[in-house]
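Quick one: structure below, then a few questions.
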Amino acid sequence: FNYKVYNMANLRDRSVLALNKMLTISSSRDLSIEDFNDQWKILIYDEDCRDIISPVMNVGALRQKGVTLHLLINIEREAISDAPAVYFVRPTEENIKRIIEDCSKQLYRSFHLHFVTRIERPLLEKLANELVQTGNVKLISKLVDQYLDCIVLEPNLFSLNVKDSFISYNDPSLSENQIRLLINRVSVGLLSMIRILGTLPIIRSPVGGAAEMLAQGLLSTLKENISPRGPAHSLFADSLVSDRPRPLLLIFDRNSDIFPLLQHTSTYQALVDDLLDHRLNRVTVDTPPKDIVSQNKKKTYDLNTQVDVFYGKYAGAQFPEAVEANEKELAEVSQRESEIRSKPGFNQDSLFNITSQENNGKDLSEAIESLPDILNRKANLEAHTNILHAVMNKIATREVPTYFELEQSIISNGRVVDKPTVL
């Protein structure tokens with residue numbers, strides 16, 4: 001499940017805002033006041049919550065929030081008794097068991113528990129009973145249901161990270177109870193999106209089928225959680241402001257428009273996602289060897305439309321246009337670097353010799369100051385060169401042009417004309 005949000009708030013910024021608030025354990029109510037106790041902390045998460053954080057907050061952003069160490073909950077961890085720990089996990093039996101074990105070992109100074117969805121009462125009672133019996137209740141400083149079960153990939157794109165959802169919904173062997181569990185999973189994810197968006201939508205769907213079931217499930221979940229006595233009323237308080245414009249949430253069954261599944265576009269971003277190992281805004285490619293003896297090495301790059309200037313500009317461009325732009329900009333940057341390095345007086349000690357040059361000192365100083373930005377831009381363009389080459393290799397080996405022609409034939413004829421080619 002991937003969704004686009006049009007003409008609304010920046011989902012990425014709002015997701016970062018919610019995560020920053022979660023990571024703040026300051027004793028001061030004013031979050032703008034720096035608190036010494038909030039400078040250092042440990043972040044413990046499970047794989048699902050790691051996937052929620054990683055597309056919007058890198059290691060540097062976590063460090064700015066005082067996170068000096070981030071670890072998975074299901075691994076063995078050493079005690080750091082003088083540091084507080086922020087837990088961000090899914091409320092499951094296994095995770096609750098690990099939290100109880102960590103408290104019994106007193107691994108951390110204090111425990112700030114944040115669950116990605118609402119923790120059900122039986123699990124909450126189990127946690128409370130175990131903590132009372134072991135005398136570790138005092139270690140728990142906070143327990144919050146965050147409603148953040150939604151992966152924000154771009155300012156207007158998010159995913160519910162439900163694997164094989166289309167296949168599952170169309171599996172004739174599924175029972176009605178299994179279908180309801182799937183719909184409940186999606187409705188909880190959409191509830192999280194609404195919490196991040198900060199505005200209650202108007203929900204519409206066709207009558208009958210899975211789309212209507214999902215719309216009704218989401219509506220009942222909203223009513224249950226945001227009512228005056230609901231468990232998430234305080235989190236959705238801003239969304240309940242009546243003078244805000246409300247977006248329209250349209251829910252359709254994928255089967256109502258099957259052609260988009262056969263229309264693979266040839267934009268840079270689409271081809272990266274279709275042909276390469278691309279997940280959660282990270283792509284892994286084989287880099288060419290430096291010599292004949294060396295072997296290909298895998299390298300991972302972050303692809304972020306807000307941070308990466310080139311990707312932000314050409315992600316939606318046709319692939320040949322992105323290739324041409326990359327070659328042109330890389331040549332310009334390399335030429336600019338060569339001009340700076342060829343200036344008289346430029347060497348390893350240039351920064352110290354500038355003041356002694358009366359005529360050229362100012363120009364050389366400005367050139368040297370611009371060099372780090374040029375080198376960063378060059379490194380970024382070289383990374384995209386590797387990605388573009390990897391895409392071109394996949395296009396050739398997988399005969400993508402032939403596949404594209406076959407797709408167009410199916411769409412135009414409304415049926416499969418050449419079955420042997422498809423197989």
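To the nearest 10 square angstrom, what accessible area does R118 show with a 1.4 Å probe?
Only protein atoms counted, so the area is about 60 Å².
Based on the Cα atoms of segment 23-152, what semi-axes does the equivalent ellipsoid have, where each is the square root of 5 times one gyration tensor eigenvalue, given in whole Å with the largest first?
One finds semi-axes of 22, 18, 14 Å for segment 23-152.
Right, here's the next one. If R₀ is 30 angstrom, what is the calculated FRET efficiency for the pair T385 and F259, using the beta carbon separation as r and rounding to 0.05?
0.30
Residue-wise, which Karplus ³J(HN,Hα) couplings in Hz belong to segment 384-401, taking 6.51 cos²θ - 1.76 cosθ + 1.60, θ = phi - 60°, and x for glycine or proline?
Each residue of segment 384-401 in turn: 5, 4, 4, 5, 4, 5, 5, 5, 4, 5, 5, 4, 6, 6, 9, 6, 4, x Hz.
To continue, here is another question. Kindly report the accessible area of segment 82-125 per residue (heavy atoms of protein chains, probe 1.4 Å, no ligands, DNA or RNA), in Å².
With all protein chains present, segment 82-125 gives 42 Å² per residue.
Next question, about the same structure. So how compact is segment 134-198: Cα radius of gyration and Dmax in angstrom?
Considering segment 134-198 through its Cα atoms, Rg and Dmax are 16.7, 51 Å.
So what's the projected area for segment 154-278, the Cα convex hull averaged over all directions, in nm²?
9.9 nm²
If you don't mind, there's one more thing I want to ask. I'd like the Karplus ³J(HN,Hα) series for segment 84-91: coefficients 6.51, -1.76, 1.60, θ = phi - 60°, whole numbers in Hz, and an x wherever there's a Gly or Pro.
x, 10, 9, 9, 10, 9, 7, x
Considering every Cα-Cα pair within segment 37-107, what fraction, in whole percent, is farther apart than 15 Å?
Pairs farther apart than 15 Å: 54 percent.
Same structure again: Which whole number in µm²/s is D for segment 102-224 by Stokes-Einstein, with the Kirkwood Rh taken over Cα pairs at 37 °C and 0.692 mPa s?
192 µm²/s
Rounded to whole Hz and in sequence order, give me ³J(HN,Hα) for segment 178-194 from the Karplus expression 6.51 cos²θ - 1.76 cosθ + 1.60, θ = phi - 60°, writing x for Gly and Pro.
These are the phi-based 3J(HN,Hα) values: 5, 5, 5, 5, 5, 5, 5, 4, 5, 5, 5, x, 5, 4, 5, 4, 5 Hz.
Oh, and also: Ignoring any ligand, DNA or RNA, what whole percent of the accessible area of segment 297-337 comes from carbon and sulfur when the probe is 1.4 angstrom?
C and S fraction of accessible area: 51 percent.
Now a separate question. So how do H389, H233 rank on accessible area, 1.4 Å probe, biggest first, that is with the largest at the start?
From most accessible down to least: H389, H233.
Same structure, new question: Could you pull out every residue, at least 5 positions away or on a different chain, whose amide H is within less than 5 Å of the one on L113? Hs are placed 1.01 Å off N in the peptide plane, and Pro or chain starts have none.
Y87, S141, K142, L143, V144
Sequence-distant or interchain residues sharing an amide H contact under 5 Å with R90, placed H: which?
For R90, whose amide H was placed from the backbone, the distant partners under 5 Å are D46, C49, V116.
The values are calculated or read from the model by the stated rules, or taken from the named source; none is laboratory data. Everything numeric in this text was worked out from a predicted model, so none of it was measured. Every residue, glycine among them, receives a Cβ derived from its backbone with ideal geometry; neighbour counts consider all protein chains shown. Side chains included, ligands, DNA and RNA excluded: accessible areas come from the protein's heavy atoms. Shrake-Rupley method; radii C 1.70, N 1.55, O 1.52, S 1.80 Å.
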